[in-house]
Structure formats: structure tokens, C-alpha cells
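K.L.:
Let me give you the structure first, and then I'll get to my questions.
Coordinate-derived values only; no laboratory data. Computed from a prediction, not measured in an experiment: that's the story for all the values here. Reconstructed Cβ throughout: ideal geometry from the backbone, glycine too, with neighbour counts over all protein chains shown.
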Amino acid sequence: MINLCITAACDILDQSFGGGARIMGMLKGLSKLSGIGKIVVVSPSQRGSPFRNVFASRYFSHRSLNLLKPIHYINMADEINPFRISSLIRVIKEYKITVLQNEGLLGGL
């Protein structure tokens, strides 16, 4: 079984924008595959998932503290947010993640 973690510095379960719609479409397809065990979505907001094997994990984001800054600066800072990184480590251990997909340019750091 493959356990997958998808992470982003935005709410990827929000279908009101292109990235969220794309992720939800991908989750819909992945959740039907027999070789996929668990899928964990790690993002700054906790939104319930309509799929049977998709779990949501939230990390603390400083976005709400920086409302006056341009959004791209907040995204870049959130990509290397230590709370996000520690949340990912916890999720990887707890769910025995075998594949990690990051939605963003800097998350690989």
C-alpha cells in the first residue's frame, strides 16, 4: 500500500481556485485506486474531505498575522514555516508516508 501526503502553503481542499480544484480532482481519482492506503493533506486550514481515505492535518500559519503584506511574500515564508515542517515530520511518521507531494515551488527546501 502507498501512503501519500500532499502539502501546500494554501488550503488545497478549497475548490474556489484552480489549484484546489486540481487537487480535489486528483484526490477523487487516487482515493478510488486499490493500491493507495491513506492520503493526508497538510495545509494551513483544516477542511473536511469528502473522500473515504483522505485525512486533513493543519499546521500553524503566520498568514493571519501578516494580512497587510503582499500574498506572495506570505506564501514564500510559509513554504519554510517551521510549524509546517514539524507537522510534516509528524504526519510522515504517524501515517508511514511513502510518497510526499508538495504543491509549491519552495517546499522542497
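K.L.:
Could you name the aspartates and glutamates in cross-link range of K28, using Cα to Cα under 16 Å and dropping any fewer than eight places away on the same chain?
P.N.:
Straight-distance partners of K28: D14.
K.L.:
Now a separate question. Residue separation times 0.36 nm, minus the C-alpha to C-alpha distance between I2 and I92: what's the value?
P.N.:
The I2-I92 span can extend by a further 31.2 nm.
K.L.:
If R₀ is 22 angstrom, what is the calculated FRET efficiency for the pair F83 and S45, using the beta carbon separation as r and rounding to 0.05?
P.N.:
Computed FRET efficiency for F83 and S45: 0.95.
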